[in-house]
Amino acid sequence: MKVAFFSAKSYDKSSFDQLKPNFGHQFSYFEAKLDQDTVYLAHGYDAICTFVNDHLDEKVLKKLSELKVKNVVLRCAGYNQVDLKYAESLGIRICRVPAYSPEAVAEHALALLMTVVRKTHKAYNRVRENNFSLEGLIGINIYKQTVGVIGTGAIGSTFCKIMLGMGCRVLAVDQYENEDIKKLGVTYVNLDELFDQSTIISLHCPLTPETKHLINSKRLEQMQTGIAIINTSRGGLIETKAVIRALKKKKVGYLGIDVYEQEEDLFFQDLSEEILQDEDIARLMTFPNVLITGHQAFLTREALHQIALTTLTNLNELESGMPLTNEVIFQKS
């Protein structure tokens, strides 16, 4: 297949170029994000490969259909950026990478948590300036904390195991309970119980209409004062303005995020020479107890290898007419 590869970065090219000789597909790498202005780049291709912030809305999908592009491979697990119902009506098939390295994301969630509660990011900057003072660097133990995990798929379950290993009490919420982690000591509760009892909350659920702004003003009021919130899932799970208010009131004691609800115009770009126009993220960055990374939780050698391997396998199945292992279809309610 001839594949137009959108939002291409150097690490994407490297991981795909290592494997593609074994599969025979031809790639054209485009740095541009897929949207209604760049979709024309897909002309003459059999398939497109896209990432989390590429647009696959009605306008883009309609143009893809006009260009006779009927195959889309997402090199990510999430698909909230895709209008699945409209894609199905056009006969466009969508495949994703449902799991690449749960450990990569779960370990990054731990890194965010450990960094923000032990203030190692602040200590690092101090020491580089020959400031060895410990003033203002008091942290908290993770040991024996009550950790609430929302979403216990592959990543959430892995994070639960890490927290159990650190001696924490782990509560979880999910529509489907994982019996394996229950045997290890995870207790499933409802959302109200989780928000009431947790001292640390980590988000590992998909973004859906039901979970959008799951963390909002009402929910924040339920939480314990000084709560630590970690999000490596989807930015839209947190209502940004509400969490800013909670940080100002010291209701939220620590916030570590690798995703942000307005990230598509910011993340994966070097904006160091530009004036930041997003006032919410600019405000978040002023808090000393907030740590932000730019959607890098997935970024390990192991994860990139698995993403490339699964994506190339998805292309093989699309080309050959085989049953699609990782197809995403519209679920009728």
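State which residue is farthest from Tyr260 (Cα to Cα) when the search covers only the range 1-40 and only residues that are in contact with a Ser or Thr (Cβ under 9 Å, 6 or more places away or on another chain) and open to solvent by 70 Å² or more (accessible area, probe 1.4 Å).
The extreme case among them is Lys2.
Look at the range 282-325 and say how many of its residues are of a type in the set (Gly, Ala, Ser) and either open to solvent by 20 Å² or more (accessible area, probe 1.4 Å) or in contact with a strand residue (DSSP E or B) (Cβ under 9 Å, 6 or more places away or on another chain) (or both).
Residues flagged as of a type in the set (Gly, Ala, Ser) and either open to solvent by 20 Å² or more (accessible area, probe 1.4 Å) or in contact with a strand residue (DSSP E or B) (Cβ under 9 Å, 6 or more places away or on another chain) (or both) within the range 282-325 amount to 4.
Within the bounds of the range 127-137, is there any residue that is under 17 Å from Ala228 (Cα atoms) and either open to solvent by 50 Å² or more (accessible area, probe 1.4 Å) or touching a strand residue (DSSP E or B) at 6+ places or on another chain (Cβ under 6 Å) (or both)? Walk me through how you get there before you give the answer.
So in the range 127-137, the residues under 17 Å from Ala228 (Cα atoms) come out as 137.
Narrowing the set further to residues that are either open to solvent by 50 Å² or more (accessible area, probe 1.4 Å) or touching a strand residue (DSSP E or B) at 6+ places or on another chain (Cβ under 6 Å) (or both) leaves none.
Looking for residues that are under 17 Å from Ala228 (Cα atoms) and either open to solvent by 50 Å² or more (accessible area, probe 1.4 Å) or touching a strand residue (DSSP E or B) at 6+ places or on another chain (Cβ under 6 Å) (or both), one finds none in the range 127-137, hence no.
Say whether the condition of being in a helix (DSSP H, G or I), β-branched (Val, Ile, Thr) and open to solvent by 30 Å² or more (accessible area, probe 1.4 Å) is met by at least one residue in the range 97-118.
yes
Inside the range 64-89, can you point out the residues that are open to solvent by 40 Å² or more (accessible area, probe 1.4 Å), assigned to a helix (DSSP H, G or I) and more than 24 Å from His25 (Cα to Cα)?
Of everything in the range 64-89, those that are open to solvent by 40 Å² or more (accessible area, probe 1.4 Å), assigned to a helix (DSSP H, G or I) and more than 24 Å from His25 (Cα to Cα) turn out to be Lys85, Tyr86, Glu88, Ser89.
Leu67 versus (1) aliphatic (A, V, I, L, M); (2) farther than 22 Å from Tyr100 by Cα; (3) touching a strand residue (DSSP E or B) at 6+ places or on another chain (Cβ under 9 Å): which is the lone unmet condition?
Condition (3) is where Leu67 drops out.
Could you tell me whether Val52 is more than 22 Å from Glu319 (Cβ to Cβ), in contact (Cβ under 8 Å) with a residue 12 or more places away in the chain, crowded, with 21+ Cβ neighbours inside 10 Å and β-branched (Val, Ile, Thr)? Walk me through how you get there before you give the answer.
On the way: more than 22 Å from Glu319 (Cβ to Cβ): yes; in contact (Cβ under 8 Å) with a residue 12 or more places away in the chain: yes; crowded, with 21+ Cβ neighbours inside 10 Å: yes; β-branched (Val, Ile, Thr): yes.
So Val52 fits the description; yes.
Starting from the range 73-93, take each residue that is more than 15 Å from Leu318 (Cα to Cα) and list its partners that are open to solvent by less than 40 Å² (accessible area, probe 1.4 Å) and of a type in the set (Gly, Ala, Ser), counting only C-beta distances under 7 angstrom and pairs at least six apart or across chains.
If the second residue must be open to solvent by less than 40 Å² (accessible area, probe 1.4 Å) and of a type in the set (Gly, Ala, Ser), the pairs left are Leu90/Ser65.
Six or more apart or on different chains, Cβ under 7 Å: which pairs go from a residue in the range 121-144 that's closer than 20 Å to Met285 by Cα to one that's assigned to a loop (DSSP other than H, G, I, E, B) and among the basic types (Lys, Arg)? Could you list them?
Leu137/Lys119; Gly139/Lys119
Just the residues that are modelled with pLDDT under 95, open to solvent by 40 Å² or more (accessible area, probe 1.4 Å) and assigned to a helix (DSSP H, G or I), please, taken from the range 237-281.
Glu264, Asp265
Condition check: crowded, with 18+ Cβ neighbours inside 10 Å, over 21 Å from Gly294 (Cα atoms) and free of Cβ contacts under 8 Å to residues at least 60 places away in the same chain. Does Ser198 satisfy that?
Answer is yes for this residue.
Of everything in the range 201-236 that's of a type in the set (S, T, N, Q) and open to solvent by 30 Å² or more (accessible area, probe 1.4 Å), which residue is modelled with the lowest pLDDT?
By that ranking, first place goes to Thr208.
The values are calculated or read from the model by the stated rules, or taken from the named source; none is laboratory data. Since the structure is predicted, the reported quantities are computational estimates derived from the model, not experimental observations. Cβ sites come from the backbone with ideal geometry, for glycine too, and all protein chains shown count toward neighbours. Just the protein is used for accessible areas: all its heavy atoms, side chains included, with ligands, DNA and RNA removed. Shrake-Rupley method; radii C 1.70, N 1.55, O 1.52, S 1.80 Å.
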